[in-house]
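Here is the structure we will look at.
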Amino acid sequence: MKYKILDLVQNGETITTKVLYDFDGVELEVEVAHFAPDTVEAIEQGIINRGLSEQRRMKTVEVNAIIIKDIQIGIEKTIEIEK
């Protein structure tokens, strides 16, 4: 994963960065809000954390697309309850 900061805006105690992520050729532009950051490193860590979250989200979407194909609709099933 690579990223590039495209823009930066301060609104009171929040800094918002517009970030372009590159996930091995798949690009995604995201705004990342940083509430009361105390260092540049804190902003960079926030960008990295958001990138990792977006990467997990994209993977989940892929997995869900596979899983949903195996779900049968309209099939009645019995639930066994222990007595």
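Points to keep in mind about this one:
- Estimated 222 nm signal from helices in the chain, with DSSP H stretches of n ≥ 4 weighted -39500 (n - 2.57), rounded to 500: -12000 deg cm²/dmol
- For the chain, relative contact order (Cα pairs under 8 Å, six or more residues apart, normalised by length) works out to 18 percent.
- Surface composition of the range 5-83: carbon and sulfur make up 53 percent of the accessible area, probe 1.4 Å.
- Descending by average beta-carbon neighbour count within 10 Å, the peptides 20-29, 70-79, 49-58 line up as 49-58, 20-29, 70-79, the highest first.
- Between 0 and 90°, nearest 10: helix 40-67 axis offset from the chain longest Cα axis: 20 degrees
- Dipole of the chain, positive end: most advanced residue of Gln55, Ala65, Phe35 [Cβ charges, Cα centre]: Ala65
- D_trans [Stokes-Einstein, Kirkwood Rh over alpha-carbon pairs] for the chain, 37 °C, 0.692 mPa s, µm² s⁻¹: 209 µm²/s
- Amide N proximity, the range 9-29 versus Ile66 label position 7 Å along Cα-to-Cβ, cut-off under 19 Å: 24, 26
- Listed peptides 35-43, 10-18 appear in the order 10-18, 35-43 once ranked by packing, highest mean of other Cβ atoms within 10 Å at the front.
- Nonlocal Lys pairs with alpha-carbon distance under 26 Å, the chain (8 or more apart, or different chains): 7
The values are calculated or read from the model by the stated rules, or taken from the named source; none is laboratory data. Because the structure is a prediction, the values reported are computed rather than measured. Neighbour counts run over all protein chains shown; Cβ positions are idealised from the backbone, glycine included. Only protein heavy atoms, including side chains, enter the accessible area calculation; ligands, DNA and RNA are left aside. Shrake-Rupley method; radii C 1.70, N 1.55, O 1.52, S 1.80 Å.
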